[in-house]
Amino acid sequence: KSMVVATTMHSSDDEVLVALSTETGEKKIGGEDGFRKFWIVQICLWKLKSDFFVIPFLNKNNPKEYQQLKNILNSSHFLFVPTEAECYGIVFSEASAYGLPSISTATGGVRSVVKDNVNGFALPLKATPEDYVNSIEPFLVDKEKFKNLSINSRKRYEEALNWNVWQAKIKIIIEDLF
């Protein structure tokens, strides 16, 4: 079973999760995703022989929706975010907390979170759908390779991408100021 979860931002700033599964026959297309991102996802699905469904914004303050989000992340293999602009992307840290490697673009602050071959890959902004497929497919084929990437994703979260680490770093900066 292989599943990839993707997130994108709409112009209305509503987040959409796209879960890609090689086992489901269900296809639900919704939202107003950007044309480029939509076709990258579509071509990757076709190349990886996967189906997908769209989950609208899930509110983590709603216990039922938060549980749904956790279930999606726990049953997924990748976070797929072919973004064109991203300041940092807390979603990448959240994915790493679940041992979920991220596939994204090397734009904005993505590279400060997503480290190639550690907790995912950040492809060039002009990456083609074939480039994304070539990044994901080897991990869907080689379970040990995927397992290592997943373990490293969680390790990166524990060592660098959590709020406790952030707090310790900010404390040092503030103490140095005074």
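Restricting the stretch 107-118 to residues that are open to solvent by less than 40 Å² (accessible area, probe 1.4 Å) and touching a strand residue (DSSP E or B) at 6+ places or on another chain (Cβ under 7 Å), which is modelled with the lowest pLDDT?
So the first thing to find is which residues in the stretch 107-118 are open to solvent by less than 40 Å² (accessible area, probe 1.4 Å), and the list is 107, 109-110, 113-114.
Add one more test, that the residue is touching a strand residue (DSSP E or B) at 6+ places or on another chain (Cβ under 7 Å), and what stays is 110, 114.
Working: Val110: 93, Val114: 96.
Among them, the one singled out is Val110.
Do we have Ser135 as modelled with pLDDT under 90, of a type in the set (S, T, N, Q) and within 24 Å of Ile90 (Cβ to Cβ) here?
Numbers: modelled with pLDDT under 90: yes; of a type in the set (S, T, N, Q): yes; within 24 Å of Ile90 (Cβ to Cβ): yes.
In short, yes.
Here the helices (runs of 4 or more DSSP H) wholly within the stretch 63-147 that include at least 1 residues being touching a helix residue (DSSP H, G or I) at 6+ places or on another chain (Cβ under 7 Å) and farther than 18 Å from Leu161 by Cβ are 129-141.
Per the listing Phe35, Phe52, the residue uniquely modelled with pLDDT under 80 and open to solvent by 40 Å² or more (accessible area, probe 1.4 Å) is Phe35.
Residues in the stretch 134-147 that are under 17 Å from the mean Cα position of the chain (by Cα), of a type outside the set (Ser, Thr, Tyr) and within 20 Å of Leu73 (Cα to Cα): Ile136, Glu137, Phe139, Leu140, Phe146, Lys147. Looking at the structure I just gave you, is Phe92 under 14 Å from Asn152 (Cβ atoms), open to solvent by less than 20 Å² (accessible area, probe 1.4 Å), of a type in the set (Phe, Trp, Tyr) and modelled with pLDDT of 90 or more? Taking the combined requirement at face value, the residue satisfies it.
The values are calculated or read from the model by the stated rules, or taken from the named source; none is laboratory data. Because the structure is predicted, anything quoted here is derived from the model rather than measured. Ideal geometry is used to build each Cβ from the backbone, glycine not excepted, and the neighbour counts take in all protein chains shown. Side chains included, ligands, DNA and RNA excluded: accessible areas come from the protein's heavy atoms. Shrake-Rupley method; radii C 1.70, N 1.55, O 1.52, S 1.80 Å.
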